[in-house]
Amino acid sequence: MSALEHLIERAEALLTRLESVLPQPLAAPDWSASVAFRARRRAGRLLLEPVRHVSTIRLQDLKEVEPQKEKLLRNTEQFVAGRPANNVLLTGARGTGKSSLIKACLNEFAPQGLRLIEVDKGDLVDLPDLVDLVSERPERFVIFCDDLSFDEGELGYKALKSMLDGSVAAASDNLLIYATSNRRHLLPEQMKDNLAAKMDENGELHPGEAIEEKVSLSERFGLWVSFYPFSQQEYLEICAQWLRYYRLDEAQIAAARQPALVWALERGSRSGRVAFQFARDLAGRGHAEALPANTIRGDAPEGLDHV
């Protein structure tokens, strides 16, 4: 091999290695592999990976969130039918079913062509490429951003804000963004932000620019769905729902009332997530072992029914 041929071979090998690390266009996955996909970055490249085991939760599994369910169901139904629909921000108390409601809507409308793509906030900078990728597809896509919140200066914040309402390129009509968050305005709100607020001569209060900036992102979601902490009775109803799912009978569910309250007291929360975790624990330990007849009644701490 001559020196020139050897040099060319080394150059080609170097170019091959460089191509593997340079940014690559977002490639389409096998759309028939699943109804849900997850955006993941591998070796610096964003890929869409089919979700092999999609959550099977159904709308009827979710209790005590009927108003929220009705709003999201109506919006999703409009979207799947090709009618105008809004991007949605689901906010409020933790463990109340925000993410589960979105997954349940996917299972409800997947036969009609609904697809879901889960995107982490760090990958939102690639949202325009994702929109372009699905714009010509016949399916209807929901971009799912779970537990979304931003710190000051994060790049994904600007990308999401622009995509929702502000970019010169309009988002395709076969795509919506559904996001969940414990923060209504998605950004940390600090006391110092209020110092820039001003009052005019008529006594009208005008927020400062920092507050306006933080509110501006959440305002671009056309539909807000708010979730609230559950009362004791609502928590017990959710516990009963999950215990029925695990095939406990009504006598066992009634006997589980006090253990369920103790479980919530120890966790410091009465949420749907806590109720689900209690039911899993109870079912996993076995019904007879978990609820011995001589200990399930009358031995809860005084006043526990009023936690």
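The values are calculated or read from the model by the stated rules, or taken from the named source; none is laboratory data. Keep in mind that this is a model prediction, so the values were computed, not measured. Note that each Cβ is placed from the backbone with ideal geometry, even for glycine, and that neighbours are counted across all protein chains shown.
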Legend entry - Residue satisfying all of: in the range 236-284; among the polar types (S, T, N, Q) and part of a helix (DSSP H, G or I); surrounded by the fewest Cβ atoms within 10 Å (Cβ to Cβ) among these: Q277
Inset, instruction - Answer yes if at least one residue in the range 186-203 is of a type outside the set (V, I, T), at pLDDT 80 or above and surrounded by 18 or more Cβ atoms within 10 Å (Cβ to Cβ), and no otherwise. - result: no
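Filter the range 29-58 for residues that are closer than 18 Å to G113 by Cβ and not polar (S, T, N, Q) and give the result. Spell out how you get there, then give the answer.
The initial filter retains those residues of the range 29-58 that are closer than 18 Å to G113 by Cβ, namely 29-37, 48, 50-51, 54.
Of everything in the range 29-58, those that are closer than 18 Å to G113 by Cβ and not polar (S, T, N, Q) turn out to be P29, D30, W31, A33, V35, A36, F37, L48, P50, V51, V54.
Residue-by-condition table, conditions (1) assigned to a helix (DSSP H, G or I); (2) loosely packed, with under 12 Cβ neighbours inside 10 Å; (3) in contact with a Leu (Cβ under 6 Å, 6 or more places away or on another chain); (4) modelled with pLDDT under 85:
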| residue | (1), (2), (3), (4) |
| --- | --- |
| M1 | no, yes, no, yes |
| L4 | yes, yes, no, yes |
| E9 | yes, yes, no, yes |
| A13 | yes, yes, no, yes |
| L48 | no, no, no, no |
| H53 | no, yes, no, no |
| I57 | no, no, no, no |
| E70 | yes, yes, no, no |
| R83 | no, yes, no, no |
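What number of residues within the range 117-126 are at pLDDT below 85 and either within 17 Å of T180 (Cβ to Cβ) or surrounded by fewer than 16 Cβ atoms within 10 Å (Cβ to Cβ) (or both)?
If we filter the range 117-126 for residues that are at pLDDT below 85, which is where we start, we get 121-126.
After this cut, where a residue has to be either within 17 Å of T180 (Cβ to Cβ) or surrounded by fewer than 16 Cβ atoms within 10 Å (Cβ to Cβ) (or both) as well, the list is 121-124.
Looking only at that region, the number is 4.
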Inset, instruction - Please state which one of L133, L164 is closer than 23 Å to R83 by Cβ, surrounded by 13 or more Cβ atoms within 10 Å (Cβ to Cβ), of a type in the set (A, V, I, L, M, F, W, C) and at pLDDT 65 or above. - result: L164
Legend entry - Single unsatisfied condition, Q112 versus (1) surrounded by fewer than 21 Cβ atoms within 10 Å (Cβ to Cβ); (2) over 17 Å from R58 (Cβ atoms): (2)
